Amino acid sequence: MATRTRRTERREEPLSRERIVETAVELLDRSGESGLTFRALAQHLATGPGAIYWHVANKDELLGAATDAVITGTLTAAAPGSTPQQAVRTLALGVFDAIDAHPWVGAQLARPSSPSPLLRVMEGLGRQVRALGVPEPELFRSASALLHYILGVSNQNAANAVAAAAHRPPTSRTAFLAATSTAWTELDPDEYAFVRSIAGQLRDHDDREEFLAGIDLILAGISARL
């Protein structure tokens with residue numbers, strides 16, 4: 001009876017593109033891209049697939065809209081008076097946290113769409129790189145270096161979290177890092193001398209702090225070329 005009441009209430013809510021996209025994000029978070037079907041979406045919204053197609057043409061458009069909704073929500077403006085470096089850190093951390101919370105977003109950002117959610121990130125980075133005083137011929141390289149680092153590290157961090165959750169039973173990030181650190185210490189000392197030497201740091205490091213440290217290294221390199 002309670003389930004029927006909830007479905008009735010849901011049907012009475014006006015179906016909009018915003019509701020469809022919001023529900024798509026929920027399904028993607030729960031089951032990944034394979035779990036996002038128009039049938040599942042229609043069941044969750046207590047409507048028919050035809051009503052959804054009125055607002056969204058196909059799955060590719062829906063994936064693009066869901067990705068854009070997540071990314072747009074992370075691109076908060078830096079605090080008033082922030083330096084370009086601080087603005088880049090704010091933007092970068094927003095994307096990092098978004099992909100950490102929604103691991104499917106990283107793969108979707110690599111897909112071509114019009115307009116691509118990735119362009120929002122590139123635009124934000126490019127404006128701050130220009131504000132640093134980078135000359136026009138170097139703008140593309142500098143913004144691209146930041147973008148590739150942000151996406152690469154964010155996706156790897158999300159993949160590590162997914163791998164830890166996929167263990168049976170699921171393991172925490174701390175336990176996952178501890179096990180990996182131990183495995184590194186057992187590598188061949190001649191073939192993996194450096195990896196063995198940093199195994200202890202892997203166990204105790206903070207992903208977000210290391211990510212921002214990398215951003216700072218790239219920014220320092222950009223500034224050194226001015």
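Condition (residue is farther than 20 Å from Leu93 by Cα and hydrophobic (A, V, I, L, M, F, W, C)) applied to the stretch 142-163: is it met by at least one residue? There is at least one residue in the stretch 142-163 that is farther than 20 Å from Leu93 by Cα and hydrophobic (A, V, I, L, M, F, W, C).
Scanning the stretch 28-69 for residues that are in a loop (DSSP other than H, G, I, E, B) and aromatic (Phe, Trp, Tyr) yields one hit, Trp54. The residue of the stretch 191-226 that is nearest to the chain's Cα centre (by Cα), among those that are over 30 Å from Leu139 (Cβ atoms) and assigned to a loop (DSSP other than H, G, I, E, B), is Asp206.
Among the residues of the stretch 69-83, the ones that are surrounded by fewer than 20 Cβ atoms within 10 Å (Cβ to Cβ) and either more than 30 Å from Val129 (Cα to Cα) or not polar (S, T, N, Q) (or both) come to 8 in all.
Report yes if some residue within the stretch 113-121 is of a type in the set (Val, Ile, Thr), without any contact (Cβ under 8 Å) to a residue 24 or more places away in the chain and part of a helix (DSSP H, G or I); otherwise report no. For the stretch 113-121, residues of a type in the set (Val, Ile, Thr), without any contact (Cβ under 8 Å) to a residue 24 or more places away in the chain and part of a helix (DSSP H, G or I): absent. Screening the stretch 145-181 for residues that are touching a helix residue (DSSP H, G or I) at 6+ places or on another chain (Cβ under 8 Å) and hydroxyl-bearing (Ser, Thr, Tyr) and picking the one that is surrounded by the fewest Cβ atoms within 10 Å (Cβ to Cβ) gives Ser172. The residue list Arg127, Arg196, Arg120 contains one member that is in the same structural domain as Ala101 (by TED's automatic domain parsing), basic (Lys, Arg) and more than 25 Å from Asp97 (Cβ to Cβ), which is Arg196. Suppose we keep only residues that are over 25 Å from the mean Cα position of the chain (by Cα) and farther than 25 Å from Pro103 by Cβ within the stretch 48-65. Which one would you say is surrounded by the most Cβ atoms within 10 Å (Cβ to Cβ)? Across the stretch 48-65, the extreme among qualifying residues is His55.
Per the conditions (1) surrounded by fewer than 10 Cβ atoms within 10 Å (Cβ to Cβ); (2) under 29 Å from the mean Cα position of the chain (by Cα); (3) farther than 26 Å from Leu146 by Cα, the sole criterion not satisfied by Asp188 is (2).
The values are calculated or read from the model by the stated rules, or taken from the named source; none is laboratory data. Quick caveat: nothing in here was measured; it's all calculated off a predicted structure. Here Cβ is always computed from backbone atoms with ideal geometry, including for glycine, and neighbour counts include all displayed protein chains.
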